[in-house]
1. Is the shape of the chain best called rounded, prolate or oblate, per the rule: a/c under 1.5 gives rounded, else a/b larger than b/c gives prolate, else oblate, with a ≥ b ≥ c the square roots of the Cα gyration tensor eigenvalues?
2. Which of the three applies to the range 99-140, rounded, prolate or oblate, going by the alpha-carbon gyration tensor with a ≥ b ≥ c and a/c under 1.5 meaning rounded?
3. Ordered by residue, what ³J(HN,Hα) values in Hz, to whole numbers, does the range 17-22 give under the Karplus form 6.51 cos²θ - 1.76 cosθ + 1.60, where θ = phi - 60° and Gly and Pro are x?
4. Between the range 103-129 and the range 207-235, how far is it from one alpha carbon centroid to the other, in angstrom?
5. Using the Cα gyration tensor of the range 178-302, with a ≥ b ≥ c the square roots of its eigenvalues, what is the shape: rounded (a/c below 1.5), prolate (a/b larger than b/c) or oblate (neither)?
6. List the residues, sorted by chain then number, that are 5 or more residues from Val250 or on another chain and whose placed amide H is less than 5 Å from its amide H.
7. For the range 269-276, just list the computed ³J(HN,Hα) in residue order, Karplus coefficients 6.51, -1.76 and 1.60, θ = phi - 60°, integers in Hz, with x standing in for Gly and Pro.
8. So what J values fall out for the range 235-250 if you push phi through Karplus, 6.51 cos²θ - 1.76 cosθ + 1.60 with θ = phi - 60°, rounded to Hz, Gly and Pro as x?
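Values in this text are rule-based calculations from the coordinates and carry no lab data. All of these numbers come straight from a predicted model, not from anything done at the bench. Cβ sites come from the backbone with ideal geometry, for glycine too, and all protein chains shown count toward neighbours.
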Amino acid sequence: MSRLLATLTLLLSVVLTILVTIGCSVPIIVAGVLKLLLPIPFVWRSISRFCNFMMYCWCEGLALLLHLNPWLKWDIEGLEGLSKKNWYLLICNHRSWADIVVLCVLFRKQIPMNKYFLKKQLAWVPFIGLACWALDMPFMKRYSRSYLIRHPEKRGQDVETTRRSCEKFRHHPTTIVNFVEGSRFTPDKHRQLRSPFRNLLPPKAAGIAMALNVLGKQFDKLLNVTLCYPENNRSPFYDMLCGRLTRIVVRVNLVPINENLHGDYVNDKNFKRRFQLWLNTLWGEKDDQLEAIQQKYKNAGQ
């Protein structure tokens with residue numbers, strides 16, 4: 001693709017994405033304000049359904065934008081047996097802003113609308129922040145280890161935020177999405193955290209442990225999703241906007257949620273160790289899967 005065409009595609013993609021986002025988020029924000037003013041269970045449930053429908057419309061808009069790229073190919077495995085009537089906990093590696101677009105587009109007709117664990121800073125992003133608030137998505141505030149030593153009263157706040165949000169999801173089928181690495185993968189972060197994995201940051205277990213503790217019996221399955229952009233690994237979101245994204249690889253593994261995954265992560269040290277071991281094992285398998293995908297397409301290109 002020529003530089004001129006890529007630039008024009010970038011401008012068009014940005015404008016259309018902004019228009020789709022504003023068009024879908026404004027009704028969601030208005031509905032969220034109504035939900036505050038009319039805290040009646042029946043009204044709240046009706047408004048929540050409307051907000052989810054508008055999010056579905058946003059996903060459809062993003063899907064149309066992706067279809068404008070004639071070079072984009074999908075390699076997907078594992079969508080069988082999913083249902084919009086079930087509750088799911090979805091965990092995924094996090095490489096780029098493109099991940100959110102891919103998850104929204106791919107699963108929009110397969111499972112209930114995704115609810116993301118978001119960084120607190122996203123609450124201030126115009127339109128998106130308020131829309132996510134109206135959709136009851138939890139905003140997580142991350143503290144450094146040194147800060148928590150100085151302010152121990154802040155410890156566990158994210159866990160409480162997770163608990164309150166999960167309680168709201170009891171009443172209608174929901175997919176809770178958690179990028180358990182807590183941040184997008186970069187080589188610098190990989191070095192700083194001394195990650196034992198080749199393609200991943202170390203996973204953070206507290207959020208999904210609390211979600212499983214609060215909604216464990218309602219979750220039908222855990223969806224372990226692996227995303228890879230083997231031909232656009234450096235800047236997949238920018239390449240997506242420019243029309244240069246050529247391949248998206250998605251692997252979905254359904255993991256049974258058994259009693260061993262239910263427990264008090266905050267106060268039970270034995271459970272905490274077991275849960276972290278389970279998650280690290282899962283992450284090791286994901287790391288191997290990513291390595292195999294990258295090797296497959298590297299060999300295919302030779």
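1. Values: a/c = 1.55, a/b = 1.12, b/c = 1.39.
The shape class here is oblate.
2. Values: a/c = 2.15, a/b = 1.96, b/c = 1.10.
Since a/c reaches 1.5 and a/b is larger than b/c, the shape of the range 99-140 is classed as prolate.
3. 5, 5, 5, 4, 5, 5
4. Result: 13 Å between the Cα centres.
5. On the way: a/c = 2.24, a/b = 1.89, b/c = 1.18.
Prolate is the answer for the range 178-302, as a/c is 1.5 or above and a/b outweighs b/c.
6. So Val250 has HN proximity to Asp75, Ile76, Glu77.
7. Those phi angles translate into 5, 5, 5, 4, 5, 4, 5, 5 Hz.
8. Values, residue by residue: 9, x, 5, 4, 5, 4, 5, 7, x, 9, 5, 10, 8, 10, 10, 10 Hz.
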